[in-house]
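The values are calculated or read from the model by the stated rules, or taken from the named source; none is laboratory data. Note that the structure is predicted; figures quoted are calculated from it, not measured. Glycine gets a Cβ as well: all are built from the backbone with ideal geometry, and neighbour counts include every protein chain shown.
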Amino acid sequence: MIGYLRGTLALIRENEIIVDVQGVGYRLAISALTLSALPKPGSQIQLFTHMQVREDAIALYGFLEQDDLDMFELLIGVSGVGPKAALGILSLMSANDLKFALLSADVKSISKAQGIGQKTAQRVVMELKDKVSLEEAFTQRSAIAGAEPAENSQAVSDAVQGLTALGYSAAESMKAVKSVENGESLDAQQLLKAALKKLF
């Protein structure tokens, strides 16, 4: 198996790129979000890869972040979701946004991806929601935003637990906490109060 490739970005196409690694050109299928984040041809690049071996072909899929690769591999493990559909989902939302969609059972957003219908989106949520972590998702989002990730993730986790203790479902609690404006700057009690207002 090929874990990652490091080389020169030789060619960019709509859905694929070619990376030159010591004179060998590797063709990798990519998502639209990966495409939008690529440097110019001729630049040095590293991509985390998934290799699919079939009777008639060997295909490589490339991702700039390990998190994207991890989500891709979770997605293709879902019945009815192949690599093309998985790339469709990751073209629509980042790996971290997908985690939030899974945790909040946001079937509607996932079903907007090319090649994903309502039933498939429901299956994705059902099979993967327990494989992603609320704390991990908020930690990564806070880190991207420049906040203090560990502190904020704990506040979010406490707020969600507080809402579920009041009788709200995990999905309802997640959506309410996620919708609080400037939530990354609030403590658990402030988050809980603000989220409750969203639920009333």
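State which residue is modelled with the lowest pLDDT when the search covers only segment 148-169 and only residues that are among the hydroxyl-bearing types (Ser, Thr, Tyr) and surrounded by fewer than 19 Cβ atoms within 10 Å (Cβ to Cβ). Filtering segment 148-169 for residues that are among the hydroxyl-bearing types (Ser, Thr, Tyr) and surrounded by fewer than 19 Cβ atoms within 10 Å (Cβ to Cβ), the one modelled with the lowest pLDDT comes out as SER169.
Quick grid of which residues meet (1) among the β-branched types (Val, Ile, Thr); (2) in a strand (DSSP E or B); (3) touching a Phe, Trp or Tyr at 6+ places or on another chain (Cβ under 7 Å):
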position: LEU28; (1), (2), (3): no, yes, yes
position: PRO39; (1), (2), (3): no, no, no
position: THR49; (1), (2), (3): yes, yes, yes
position: TYR61; (1), (2), (3): no, yes, yes
position: ASP70; (1), (2), (3): no, no, no
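Out of LEU64, LEU87, LEU98, LEU103, one residue alone is over 29 Å from ARG27 (Cβ atoms), touching a residue at least 24 places away in the same chain (Cβ under 8 Å) and of a type outside the set (D, E, K, R). It is LEU103.
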